[in-house]
Amino acid sequence: MNLSDFIDLSSIRLDVAAKDKRALLQQMGQIAGLKLGVEPARVVEALVERERLGSTGFGGGIAIPHGKIAGLDHVFGMVLRLDSPVDYKAIDKMPVDLLFLLLSPPDRGAEHLRALAAVSRAVRDGATLERLRGARDRDAFAAVLMNCDERTAA
């Protein structure tokens, strides 16, 4: 699975301001809920429920909040780059500035795992992270993401 299979490029948000993890989850819920036609509170609830199991703070300033929402018909992804990092209770205790949100239908567990794996592959590359953090605008950011697809397809 490629990032372009599930990341909604129009939902990329750069230089997002958030004071803490809770506010960040709320913002992601609002954006995703409006985009998907789902009550934002349902999105936030799914994300908070998953965070109770353990932080989705991946390490290296990356978080991959994710959840399952009944009524979706596909895996949905969006990306946020924060204007300044927030404490996300990440596994490495480092603050987070890049978030890859994934939402899936409850019956699409295999697709959900493939999407998580695709994000994980992309964020393991230091050069990719540097380009994402330095992208001037949404188009440049999206181009870096799509380049990840090309690299993994080769």
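The values are calculated or read from the model by the stated rules, or taken from the named source; none is laboratory data. These figures come from a predicted structure and were not determined experimentally. Neighbour counts run over all protein chains shown; Cβ positions are idealised from the backbone, glycine included. To get the accessible areas, we keep the full protein, side chains included, count just its heavy atoms, and leave off ligands, DNA and RNA. Shrake-Rupley method; radii C 1.70, N 1.55, O 1.52, S 1.80 Å.
Structure notes:
- Residue with peak Gaussian network fluctuation, the chain [Cα springs, cutoff 10 Å], from 60, 33, 126: 126
- Of 52, 131, 22, the residue with the greatest mean-square motion in the GNM of the chain, using alpha carbon springs below 10 Å, is 52.
- Note on the chain: helix-only mean residue ellipticity at 222 nm, from DSSP H runs of 4+ residues weighted -39500 (n - 2.57) and normalised by residue number, equals -14500 deg cm²/dmol.
- Only the Cβ atoms of Lys and Arg (+1) and of Asp and Glu (-1) were treated as charged; on that basis the dipole of the chain about its Cα centre amounts to roughly 280 debye.
- Calculated over region 3-90: convex hull of Cα atoms, volume per residue (Å³): 95 Å³
- Along its principal axes, region 99-142 has C-alpha extents of 37, 20, 13 angstrom, given from the largest down.
- Under 5 Å, built H, 5+ apart or other chain: amide partners of residue 68: 104
- With protein chains left intact and a 1.4 Å probe, residues in the chain average 49 Å² of accessible area per residue.
- Computed accessible area, residue 68, all protein chains, 1.4 angstrom probe, square angstrom: 100 Å²
- Comparing Cα centroids, region 44-64 and region 75-154 end up 13 angstrom apart.
- Sulfur and carbon atoms: percent of accessible area, the chain [1.4 Å]: 51 percent
- Projection of the Cα convex hull of region 66-154, averaged over all directions and equal to a quarter of that hull's surface, yields 6.8 nm².
- Debye log10 I(q)/I(0) at q = 0.26, 0.30 Å⁻¹ for region 40-103, Cα point scatterers: -1.12, -1.28
- If you look at the Cα atoms of the chain, you get an Rg and a Dmax of 14.2, 40 Å.
- Which of 27, 7, 147, positive extreme of dipole for the chain (C-beta unit charges): 27
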